[in-house]
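Bear in mind these aren't lab numbers, they're just calculated from the coordinates by the rules spelled out. Keep in mind it's a predicted model, so treat the numbers as computed, not measured. Cβ coordinates were reconstructed from backbone atoms using ideal geometry, including for glycine residues, and neighbour counts include every protein chain displayed.
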């Protein structure tokens, strides 16, 4: 098949390049030039072509192509990137969401770097297998290795630049491991990190490494390779060994094939992130939340090419850790460096191939093990999903404009993000939120206080006022109020109501819920409610005071010194909730009859800011809030 | 270098007279200038690169992590059953040119020791155990598992007992959790001397 293609292209490009060293032979090439438009590139290429139109050369062409793609897309990104703690994440957000084709440019940049690493690895393996790694005394191989090292370094440094949780934590751990290496470890870690703890200076430094120092170094290596190549050819020509040049068709075709495969790989690796990584769009992985050094990011994992080292750390516990961090990588490096030397001998070459294959298998096995361990780990997947949601949330909030303090501060003030954490940590040992702890987990302690999902909404108050629900574990079943005056009142005065009173009760519930001013019950808002609704609310207030006599125990609108039960004025509003959480035993609320709930502010368990965030979260009062899913919760009319 | 210059001068003297000499001095001057400028620029780059090795903390930045005691929480907030709880360490850290206000610089785990004993002496620092929440293995953050009553790190599955020590069987960490100094001030305020330590080494070495 390929042979056929080669023949076809050969037909098309005309006669193959004649033999002889580059540029020196005049006659036949000149003649060809007049016949064939392709002969100028042909002459240029002819100079470059190694002895045969090999796949190796085609790979070099693709490596150059990738480098070109990275340079162009990199410059495009650089136009918008701003390296500082308060602007790195923010500028990458801007690139992704506000710059024309920004998402695609960043995607190409990110994915190309991954594919380039694979490509260089394959090229190195190819050199070993084709026994060309001894070429020019191994120099060619060493230069390729240098290229590989630089690309790897640049890629690792580049990961920090978005300053999101993933980049921050993988860098944090990588630097920690570096600093634990013997001899030069601590010094290297300091030079790489720029400041400790990581901050502004780490970003400025990484920017210089990534954009300023590495690209020229790569160009320098590529030039060196070109120089060596030219010298090598000349030497061979001088020695009378005529290099058998390949047909131009061969070169073009093979280069074209490899380049197409490379492009396809770049395209497909984006798809791989979608299939295995749960990404929604093709491109670089979605930004995680802005880096938060104080957070707990249990899903920090190294990049795929270091996954095997990460996995191997698990096998070297305690003081043997250095085997995984220094000895194994060191030995592997030494082995690779020694390969071209050993490869000069027949048995050395065989040993290289055997050991190399073995090492590759081990690396592949360890990587797979690390990947599958996480893939099947339920905890890991939940935490990963949380991290991804946080990232999406940060981006969602950022679309509204990021405050000057930066995205992290923005996220820290977001009730939707902070509420679940605070609720799980401080409330969920007694309360629940739609049956869970706010973060989706079921706490170990049994529920002993009301479920606060959609607290003070119409369906929530409906449930509260039903005997079976009031005394159930979902509400006050686990508290002293189970047998309290309210329970008595519900049993005696709210059961077996006639139609008229049932309507009246419904109106009371509506009126009471209107006190909360919940953002998702706009139909009850004084400003947006219909005439009919306003009438219902007004009537409900009447019934609350006169028909049902709630004010016998509760204070409502008029000051009431003798009230023994919680205030109903503004029930469920932010003021009410923050006051209640601050001190439920305040005379306005439960007073002396408070059960076990601590005074979160007065006992300085939570700060005012935290209580405000909790209150906003319980009220679902946050930006871009979807309406709570009542129908999917226990608050649905027939739920329990 | 010098000696070669001298012989060069000698040669030019012999060969060409003042014109050649002027040319030579010009070339030397230009060469020295270019070399000097390059050396200065390169020296600047190297100094810049190595700056983190000798950078001093800015004045007043003592509270960013090492040395000073920082208020963390109150004694009452520690669960009575001896469960360890994670608390952020809040201070006003400086990052290069930015001074943050009340920002967390890390996490500590606090735990009541001698849990369940009566009476509780809220002023006795030995009633409280404190650890840096960073895993001494590779620097991830450990979690406290209430069911197992142990610390667990999700990164490499390091495990520590409730008192921070290494379990009898193999653990991934080369040393126990990094304990921190505790002071109790006022009416049960817990103050911690917050420090970061070199991870991945058997010995507990504070980072400065």
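Annotations for the structure displayed:
- The calculated FRET efficiency for residue B:47 paired with residue B:99, based on their beta-carbon distance and R0 = 30 Å, is about 0.70.
- Using a Förster distance of 22 Å, the FRET efficiency for residue A:315-residue B:179 (Cβ separation, nearest 0.05): 0.20
- Shape class of the stretch B:91-208 from the alpha-carbon gyration tensor: oblate, with a/c at 1.5 or above and b/c at least as large as a/b.
- Counting other Cβ atoms within 10 Å as a rough exposure proxy, the listed residues A:553, B:135, A:430 run A:553, A:430, B:135 from fewest neighbours to most.
- Packing-based exposure ordering (other Cβ within 10 Å, fewest first) of A:156, B:177, A:512: A:156, A:512, B:177
- Linear extension gain, residue A:379 paired with residue A:267, 0.36 nm per residue minus alpha-carbon span: 37.2 nm
- Over the stretch B:61-193, Cα pairs under 8 Å with separation of 6+ residues give a relative contact order of 25 percent.
- Anisotropy class of the stretch A:539-640 from Cα gyration tensor, a/c 1.5 cut: oblate
- Counting Cβ atoms of other protein chains within 10 Å of each Cβ in B:174-181 and taking the mean gives 1.
- Here residue A:204 and residue A:55 are evaluated by their C-beta separation; at R0 = 35 Å the FRET efficiency comes out at 0.25.
- Extending 7 Å from the Cα toward the beta-carbon at both residue A:533 and residue B:124 defines two label points whose distance is 6.0 nm.
- Residues A:104, A:347, A:169, ranked from the fewest to the most other C-beta atoms within 10 Å, line up as A:347, A:104, A:169.
- Theoretical ellipticity at 222 nm over chain A - DSSP helices of four or more residues, -39500 (n - 2.57) apiece, nearest 500: -18500 deg cm²/dmol
- Cβ neighbours within 10 Å from other chains - mean over B:78-91: 1
- Look at the alpha carbon pairs under 8 Å that are at least 6 residues apart: their mean separation over the length of the stretch A:45-161 gives a relative contact order of 26 percent.
- The stretch A:415-632: relative contact order as a whole-number percent, Cα under 8 Å and 6+ apart: 20
- With 0.36 nm allotted per residue and the present C-alpha distance subtracted, the residue A:368-residue A:558 stretch has 61.5 nm of extension available.
- Placing dummy labels 7 Å off each Cα toward the beta-carbon, the span from residue A:503 to residue B:30 is 10.5 nm.
- Rounded, prolate or oblate (a/c below 1.5 giving rounded, otherwise prolate when a/b exceeds b/c) for the protein assembly as shown by Cα gyration tensor: prolate
- If you take the Cα centroid of the stretch A:538-562 and the Cα centroid of the stretch A:131-198, the two points sit 70 Å apart.
- Once the Cα-Cα distance is subtracted from the 0.36 nm per residue extended length, the residue A:636 to residue A:526 segment shows a gain of 37.1 nm.
- Peptide A:294-302, shielding by other chains (average Cβ, 10 Å cutoff): 5
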